[in-house]
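Contents: one structure, followed by commentary.
The values are calculated or read from the model by the stated rules, or taken from the named source; none is laboratory data. None of the values given here were measured: they were computed from a predicted structure. Every residue, glycine as well, gets a Cβ built from its backbone with ideal geometry; the counts of neighbours run over all protein chains shown.
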Amino acid sequence: MSDSTPTPTRAPRWIAALTGLALAFGGALVAVPAYAEGDAPVEVVEPATAPEPSADEATAPEELPSETAPADDETPAEEAPAAPESEEPVGDEPGLGAPFMMTMDAEEPAPTVTVSKTTGLAWGGETITVSGTGFVNAGAATTGTRPPLSGKFTGAYIVFGKFADTWKPSDNAASSARFGIETRWGVLAEDLATIGGAGAGGVVIAADGTFSVTMTVAASIANDLRAGNYGVYTYAGGGAKHAPFETYTPIEFAAPAPQVLVSKTSGLAWDGETITVSGTGFVNAGAATTGTRPPLSGKFTGAYVAFGKFLDTWKPTDNAPSSARKTLVTKWAVLPEDVATIGGEAAGAVALGTNGSFSFTIQVSASIANDLLAGNYGIYSYPGGGAKYAPFETYTPIEFAAPAPQVFVSKTTGLDPDGETITVSGTGFVNAGAATTGTRPPLSGKFTGAYVVFGKFLDAWKPTDNAPSSARKTLVTKWAVLPADLATIGGEAAGGVALGTNGSFSFTIEVSATEESDLLAGNYGIYSYPGGGAKYAPFETYTPIAFTGAESPTDPGTGPGTPTDPGTPGTPGTSGPSLSISPTSVPAGQAARITVSGSGYTGAGAADGVYVVLGSSSLWQPGQALPADGWIALAWVTPGQISGGSWSTTLTVPAGALVAGGSYGIGTSAAHGLSQTDRSLDRWASLTIGTGQAAPVALLQPGETRTPAAAPPATSGVSVLGQLPPAGGLATWTASGFQPNEAGIIVVIYSDPVVLGTVTADANGVATWTGRLPATLTGTHTFTFQGSVSRGAVVHLQPAPVVSASACTVDDATLTWGFKESFRAYLTSSIANGEWTPADGASYQTPSFSWSGTGSLDADGATGDLAFRGSVRFTGHSGALDTTIANPRIVLTASGAELLLDVSGTTQDGTPVDAHGVEFATLDLSGVVPESSDGTLTWTAVPAVLTAAGSAAFGTYAEGEELDPVTLSVVLSAACGQAAGVEETAAPEVAALGTGAPSGADLGWIWWLVGGLVLLAIVVAIVVTVVRRRGAA
């Protein structure tokens, strides 16, 4: 028999057995063999006439053929398969029918690839040799389908790359699964020029199917982060598909020394710019990189990568305290399997790729407060979870472009003429060369910074306009200079102020208006201009300030803003923080807003900010651990809101909270855990409670009424006490800045002006109105007070819940929801150092928040509208994370259910947000049956999924992210309890099978019936799926 003639051999017994088994099911089974492209086909021959077996064949035991092809130099022995003339089956296994005959061609050697070095390769690049054998023409399977070798043998691609796990063309893997970094194309010598030659990556495959090529292979951060596996891969070229050509040789690189790369390090926008931070080499180094604290205690904890302002000595391996590392934005690079454990991407987690690589983008910005911190702006990395490992400690300096010179004043109107402390801050006062060089001692010939002055200057006052010094009547002067020059000008005692990074400064001064200064020509204001005789127009700024025209109506001699309790720590003239409140007296029973300011709040105690509390003096006094509960009002001043030790915030006193004769005050303490251990910021200012209100002050002429403005005259200055109700709801609104006891203040809401009423301000100039807004007003509107001044607020009013004819009024509903457990876990971790604060009716009991609400629910319990009161504020990362969710609302319709929220503060990526009624999550009620008990309907563990709108408002989490399940409990009134309850139905008959059937009855047929129905259901499901897919196609 020639090489081209198939050699018949007896089929293995298992083939005949399977054939017989198939025939036993009463049908003809025709099998079409599947084999890899290029494999020699197996020919199954069933002779028409089977010859009589010889005597030897009839008695000799049958030999099973080898399941591998014979070697090239072997010729398989010819067999003469025989069958008896009778119709009885022949063979060792009776009943299996006539034997099969199989033939196969000899196989070529399988293609193989050898790589000279596969492990420990230099990450930055190394040359290797790749050799191959067996890459020979296999006919149609290796024939190209596209130019330039269409219709010809196209050889093989030899690729260094990072391919997905499923990458083979013969498996129909997409080309995107094969990311090539360096590619060669092995072809026959006569085709090399056709594909562009060696310069285009061509490699010669010899006639015997061998090749050899050198390649330079290197890793990179970008490729480390790609999914897949580094390796040398081969597969058929030119569009051919031939499985034997598809080979994979893994290669591994030696991780480089840890390093961090930053896309931009200088000239960054002072108010914010996005940069890319990448790194590599952050791999497990054993015990040195093993965490010592949760949540990754005892595991490889990767690395913190932070934008911050660290001291010169900051490294954990140098035992520098955590206070030396002022982090502003923090990421935590960990192994992919640990990302969820530390809270996911929303919590700052970054997945490490191959070779300990990572990459992410962050927004970096400077601020006056941070400019004034000691240390250096930069991108820092160091081991996470309490580990200490010097190679992970890196520092990449970054510099911001100083902004244009600008000055900020904490309060500019309504200042007490008898004296009030304000904070003055500035930035951008940097050396501009000759224009900012002094012309007189003590800094002649040097950068002289800027004078920052409270004074009364003429309209034409600027040195660059050659105005004489007499045009600048200075009342309080500070001189902002470089820290190195502070002592030269006499230090802080002489008014010196040190300039920080980017030419920033901040200080507090007391400003007042006297009879003498009132008589001066010019304008009260905060002015700045170059020091030491220099002239530079950008340093010349003017911020007007205005004093009230009346004396304080209470506590003569003690003006608002004057520190109280002289002699206690914090009073000007003593060391430590100073606390001021304005006003210092509040009428009993009335709502009020109190401005609280502080200065000198520095040091380790201010690391987490300042708690500001209002309550009874019997609840707490300085020197004690701060209680968590019992306060009438409280606020948290974040570290980012403290500038040079100074800050200001506002507390809102609800109506009826302050009782005549009570002893109240406002206190400050270190924040978070320090409120229990650190007493350095403890201060207390007493609050006087008045007994009544003086006679109204009429600013209108007798008989005159005020006409509302055609358009809103103001959009800020008004607050609503408590939570904003829906349209038609009752609320209390308040605004300050009016004349004491001013009458005739009109309350107006827009778009079209509607006068809601007229009010009279209290002795502190605070106007308050309580009432219901028109039920027809929904959407965005502007609420205003209009009197001697105008105050306003832009509000978004939700529609009032719609009550259908069949609806039951709900006076008591409870929403229980944990929001997202992994987010809470991250918030309380050491990386975020955060917390949550329920307020305004919301509460927390591990592991869920709770809200109370009201609304309506249809009698069948399927539709309804429920609104809840209360808020939860999430904070962390030293104030960088600050998001509040409030006023949940659940809307149930025939098509599903939604959870709506108000979201304010910043998204998780730092973008400001103030969104109302956000469709935050969809609730899946399909698998939840409400339980009914004593008139209460309860839906337990309803799945909740984040919507696109919720993702945009909260940030970080993508649409479709699973949130914690929701539990909703609704108490129905007695009148509708029965109608709205869950209808009880009789159990179906089939449920009684096995209990209600006659004794001894044979019920086995039921299980056959059930099985048949199940099979029928499966078939129907498959048919429906196929039909739908075809319809979609």
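Values for this structure:
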quantity: Yes/no for G662 being in contact (Cβ under 8 Å) with a residue 24 or more places away in the chain and at positive phi; calculated: no
quantity: Residue under evaluation G728, criteria (1) more than 10 Å from T784 (Cα to Cα); (2) modelled with pLDDT of 85 or more; (3) in contact with a Leu (Cβ under 9 Å, 6 or more places away or on another chain), criterion not met; calculated: (2)
quantity: Meets criteria (closer than 16 Å to F392 by Cα and surrounded by 15 or more Cβ atoms within 10 Å (Cβ to Cβ)) for T280; calculated: yes
quantity: Positions within the stretch 927-957 being aromatic (F, W, Y) and touching a Phe, Trp or Tyr at 6+ places or on another chain (Cβ under 9 Å), in sequence order; calculated: F954, Y957
quantity: Matching strands (runs of 3 or more DSSP E) fully within the stretch 481-554 where at least 1 residues are assigned by TED's automatic domain parsing to the domain that holds T439 and charged (D, E, K, R); calculated: 505-511
quantity: Matching strands (runs of 3 or more DSSP E) fully within the stretch 764-814 where at least 1 residues are charged (D, E, K, R) and at pLDDT 85 or above; calculated: 790-797
quantity: Test result for V430, of a type in the set (V, I, T) and in a strand (DSSP E or B); calculated: no
quantity: Residues of the stretch 452-508 satisfying the condition of being in contact with a Phe, Trp or Tyr (Cβ under 8 Å, 6 or more places away or on another chain), closer than 23 Å to A546 by Cβ, buried (at least 19 other Cβ atoms within 10 Å of the Cβ) and of a type in the set (V, I, T); calculated: V452, V453
quantity: Enumeration of residues in the stretch 706-763 that are outside any strand (DSSP E or B) and of a type in the set (A, V, I, L, M, F, W, C); calculated: A709, A710, A711, A714, L724, A727, F738, A743, A761, A763
quantity: Matching option when the condition is farther than 26 Å from E399 by Cβ, in the same structural domain as V364 (by TED's automatic domain parsing) and in contact (Cβ under 8 Å) with a residue 24 or more places away in the chain, among R293, R325, R226; calculated: R293
quantity: The stretch 334-389, residues that are closer than 27 Å to T313 by Cα and charged (D, E, K, R); calculated: D371, K388
quantity: Output for the stretch 306-322, where each listed residue is in a helix (DSSP H, G or I) and touching a residue at least 60 places away in the same chain (Cβ under 8 Å); calculated: P316, T317
quantity: Matching residues in the stretch 920-942 - criterion: being among the small types (G, A, S) and at pLDDT 85 or above; calculated: A921, A941
quantity: Exclusive hit being within 30 Å of S675 (Cβ to Cβ) and either surrounded by fewer than 21 Cβ atoms within 10 Å (Cβ to Cβ) or at pLDDT 90 or above (or both), set S528, S616; calculated: S616
quantity: Residue within the stretch 901-919 that is modelled with pLDDT of 90 or more and out of contact with any Lys or Arg (no Cβ under 8 Å at 6 or more places or on another chain) present; calculated: no
quantity: Candidates G281, G267, G308 - the one that is closer than 28 Å to A825 by Cβ and not aromatic (F, W, Y); calculated: G308
quantity: Which listed residue is modelled with pLDDT under 95 and out of contact with any strand residue (DSSP E or B) (no Cβ under 7 Å at 6 or more places or on another chain), from A227, A206; calculated: A227
quantity: Boolean, S410 is in contact (Cβ under 8 Å) with a residue 40 or more places away in the chain, over 30 Å from F823 (Cβ atoms), among the polar types (S, T, N, Q) and touching a strand residue (DSSP E or B) at 6+ places or on another chain (Cβ under 7 Å); calculated: yes
quantity: Residue within the stretch 403-418 that is among the aromatic types (F, W, Y) and surrounded by 19 or more Cβ atoms within 10 Å (Cβ to Cβ) present; calculated: no
quantity: Matching option when the condition is over 20 Å from W647 (Cα atoms), among the aliphatic types (A, V, I, L, M) and modelled with pLDDT of 90 or more, among A591, A534; calculated: A534
